[in-house]
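Remarks on the structure that follows.
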Amino acid sequence: MSMSTNTSGTHCGASRRLSASLARVLRELDKDFERRIYQELAARGYPDVRPSHGPVFSNLGLGAMRVTQLAQRSQVTQQAMGKMLKELELLGYVVRNVDQGDRRAREIQLTERGQALVECAGAAADAVREYYAQRIGSTALDDLEARLRDAARTLALQHLPPDWADPPPAGD
């Protein structure tokens, strides 16, 4: 066996481990779920919302926040968050108001249109979850979700509200 063959075999093995890793499987599931949600949103009248806007909506669901808080929770820079917010403000989904606690800061809130989108996104997520349940079975999906939530809780993942690993209440 030549040196190049051995090296190639080693690289192939390392590449295979990375491409078949848990991280890759989780990313692919996340991408597929997200893609399906945004397809649903487009079909339901929100074609202008993109996956890059997701961090804003998932965090503003917790109530009004400052740009710095949104950026920190979303794990993006303040500049990147500012760009997302500007886009969403132009689209009519968010508004920036003067923070009554600190008049130098801006508080970001969902508009009525933004609130309607969040409601629609919940319905879209339910539709995608139902699609998954039909494909792999409700019991398997419930078990997968419970195990992932348990792992997330045990690992004490950061940047999210304390109860985020709990399942959402029925009907939410």
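Between the range 33-75 and the range 81-122, what is the C-alpha centre distance in whole Å?
Cα centroid of the range 33-75 versus Cα centroid of the range 81-122: 11 Å apart.
What do you get when you divide the Cα radius of gyration of the range 40-102 by 2.2 N^0.38 Å, with N the number of residues?
Details: Rg = 12.0 Å, N = 63, 2.2 N^0.38 = 10.6 Å.
Normalised Rg, Cα atoms only: 1.13.
Please report, in Å, the Rg and the Dmax of the range 15-155, where both are computed over Cα atoms only.
Rg, Dmax (Cα atoms, Å): 17.3, 54.
Every number here is computed from the coordinates shown, using simple stated rules; none is lab data. Note that the structure is a prediction, hence the values are computed from the model and not measured.
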